[in-house]
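Take a look at the structure below.
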Amino acid sequence: MWVTTAWPVVMWVFLTVIPSALFSAESFAGERERRTLESLLATPISDRGILLGKIGAAVSISWLAGLAIPVIGLITANIADWQGAFRFYPILTIVSGLVLSALMIVFVVTLGSMTSMRASIVQDAAMTLTSP
Amino acid sequence: MGFWSPRRYRPGCSASTSPPRRDQVRGGCGSLLEQHGIYDRLTVTDNLEFHGRVWGLGERERAARTEDLLRHFNLWDERGQLAHSLSRGMKQKLAIARALLARPPMVFLDEPTAGLDPIAAAALREDLAVLGASEGVTIFLTTHNLVEAEKLCSQVGIIRSGRLIALGSPRDLRDQQGAPRLEIVGRGFTDGTLAQLRARPEVAAVTAADGRLTIELHEDGEVSPLVGLIVSAGGSVEEASRQTATLEDAFLGLVTEEDA
């Protein structure tokens, strides 16, 4: 019963905000904090290339990290309430989770990268992103 | 590192008649900026590997250039170490190796020896002099250390408040600040001796004070006949040294003229 509700998808999508915010806050502010940003900007990569690279890397890592959420949920549910056979999510739940979490991650990472560009340190960027 | 769009453009080292694009400028320049920009969490080799990929070098070329440069800078034995464990001097060397990795035609080095101890700074200066010759690159060195500029540079530009106030070889700049002079320490410098010296064509002016004779020379004036003249006139010479203006003297002179 548990795996057929919409809750796994909702949790999956909303919990991916955390890694997305953390990775994107690090993107530019982290380079600035470690004083490597100027050297990166002096390479032949265009500004757009650097921005897209940062967003792409944060999206990929966050999306992969987000996959842990339904996997851990599934394992926990099966251990806590073992009914003699391994229960899995319906295919629609998996597809919805993958697509919606990807959209949420792209939105948060883009917002986070923009914030990170203007922050002097990672902590400032993370605080701005996570403050209500 | 930002770029301003040029308000005026005059083709110089580039054959193109239009202003170069940002990526063209970046692709033609290696740089060591005020901060070395080394990734502390990567190894020495991985730092160069990353930049080699960014510059689009092939795998073999990356490996060969990395080995060449690390061996040249005596960093080969540290190639597997994380960069954060390197000394400041080693990081500067690694950053210069990174700037030279893709063989750019121009390399900008901003205060490469700043913050280094005298031994490390001297070693780095020597490396730079050798590399400048062997790599065939034009190195733009930004420095406040005029001794360093005098040792390493064939052309020196002096910038004051964002304006280029002088440009030339170190010798040209020194020569602008007056002709060489001869300092003589000794005894028996009589008025007759001074008069004989003043009569010499290579001598511009003579002053004597406290057993020290200062002879201002015209350009390329010979020194040894003057010492011989003093001795033959009965003077005693304990020490004689020909002195020319240093680049620092030239710099101070130019700045003073500029402020006047």
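The values are calculated or read from the model by the stated rules, or taken from the named source; none is laboratory data. Computed from a prediction, not measured in an experiment: that's the story for all the values here. Backbone-built Cβ (ideal geometry, glycine too); neighbour counts: all protein chains shown. Please note that ligands, DNA and RNA were not included when accessible areas were found on the heavy atoms of the full protein model with its side chains. Shrake-Rupley method; radii C 1.70, N 1.55, O 1.52, S 1.80 Å.
Here's the yes/no breakdown for (1) out of contact with any Leu (no Cβ under 7 Å at 6 or more places or on another chain); (2) part of a helix (DSSP H, G or I); (3) at pLDDT 85 or above:
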| residue | (1), (2), (3) |
| --- | --- |
| B:183 | yes, no, yes |
| B:189 | no, no, yes |
| B:222 | yes, no, no |
| B:251 | no, yes, yes |
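Tally time: how many residues in region A:23-39 are assigned to a helix (DSSP H, G or I) and either at the interface with another protein chain (Cβ under 7 Å from one of its Cβ atoms) or modelled with pLDDT under 90 (or both)?
Result for region A:23-39: 2.
Among the residues of region B:157-177, write down those that are surrounded by 13 or more Cβ atoms within 10 Å (Cβ to Cβ), part of a strand (DSSP E or B) and without any contact (Cβ under 8 Å) to a residue 12 or more places away in the chain.
First, the residues of region B:157-177 that are surrounded by 13 or more Cβ atoms within 10 Å (Cβ to Cβ): B:157-158, B:160, B:165-166, B:168, B:170-177.
Cutting the leftovers down to part of a strand (DSSP E or B) gives us B:157-158, B:160, B:165-166, B:168.
Within region B:157-177, B:157 is the sole residue that qualifies.
Of the residues that sit in region B:36-72 and are under 16 Å from residue B:102 (Cβ atoms) and of a type in the set (Asp, Glu), which one is least open to solvent (accessible area, probe 1.4 Å)?
So, considering only residues that are under 16 Å from residue B:102 (Cβ atoms) and of a type in the set (Asp, Glu), the one least open to solvent (accessible area, probe 1.4 Å) is B:49.
For region B:35-51, which residues satisfy the criterion of being assigned to a loop (DSSP other than H, G, I, E, B) and within 8 Å of another protein chain (Cβ to nearest Cβ)?
Here is the first cut: in region B:35-51, the ones assigned to a loop (DSSP other than H, G, I, E, B) are B:35-42.
Once the filter is applied, which keeps residues that are assigned to a loop (DSSP other than H, G, I, E, B) and within 8 Å of another protein chain (Cβ to nearest Cβ), region B:35-51 yields B:35, B:36, B:37, B:38, B:39, B:40.
Considering region B:88-104 alone, what residues qualify as being open to solvent by less than 60 Å² (accessible area, probe 1.4 Å) and either in a helix (DSSP H, G or I) or more than 21 Å from residue B:28 (Cα to Cα) (or both)? If you could, list the steps in order and put the result at the bottom.
Restricting attention to region B:88-104, the residues satisfying the condition of being open to solvent by less than 60 Å² (accessible area, probe 1.4 Å) are B:89-102, B:104.
Passing the criteria: B:89, B:90, B:91, B:92, B:93, B:94, B:95, B:96, B:97, B:98, B:99, B:100.
What is the residue count in region B:197-254 for residues that are under 12 Å from residue B:184 (Cβ atoms), touching a helix residue (DSSP H, G or I) at 6+ places or on another chain (Cβ under 8 Å) and open to solvent by 40 Å² or more (accessible area, probe 1.4 Å)?
Number satisfying all stated conditions: 3.
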